[in-house]
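Inspection log for the structure reproduced underneath, given as structure tokens.
The values are calculated or read from the model by the stated rules, or taken from the named source; none is laboratory data. Computed from a predicted structure; not experimentally measured. With ideal geometry, Cβ positions are generated from the backbone for all residues, glycine too; neighbour counts draw on all protein chains shown. What goes into the accessible areas is simple: the full protein's heavy atoms, side chains included, and nothing from ligands, DNA or RNA. Shrake-Rupley method; radii C 1.70, N 1.55, O 1.52, S 1.80 Å.
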Amino acid sequence: MTILILIISLFFSIISIIITTVRNSKKNSNKIKSLEEKKITLQNKIAIKEALIKDEQREFKNYEKAQDIAIREQLQRARNKNFRRQVKR
């Protein structure tokens, strides 16, 4: 009888160890999957931010070019006015 009880208790111990191992492996795989999803989300956010930064830099360069062109045009107009004044005198 004691041997039977010992065998049954050993059987339940082994079963509980197996169940615990399976549960832990599921938890770990879920954690890994969650971390991978977070990583992908962060990479997407980083890519979007980099794209926005590039767009802002491009817009700033275009703005600077437009300002340079406007300043050159104003200088040219001022030179033309001065030249006309000098020619008329």
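Just give me the residues in segment 1-25 being polar (S, T, N, Q) and surrounded by 10 or more Cβ atoms within 10 Å (Cβ to Cβ), in sequence order. Reasoning before the result, please.
Going through segment 1-25, the residues polar (S, T, N, Q) turn out to be 2, 9, 13, 16, 20-21, 24-25.
Listed by number, the residues that qualify are SER9, SER13, SER16, THR20, THR21, ASN24, SER25.
A quick yes/no check of all residues on (1) open to solvent by less than 100 Å² (accessible area, probe 1.4 Å); (2) among the hydrophobic types (A, V, I, L, M, F, W, C); (3) part of a helix (DSSP H, G or I):
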site	(1), (2), (3)
ASN28	yes, no, yes
ILE32	yes, yes, yes
LYS38	no, no, yes
ASN44	yes, no, yes
GLU59	no, no, yes
LYS81	no, no, yes
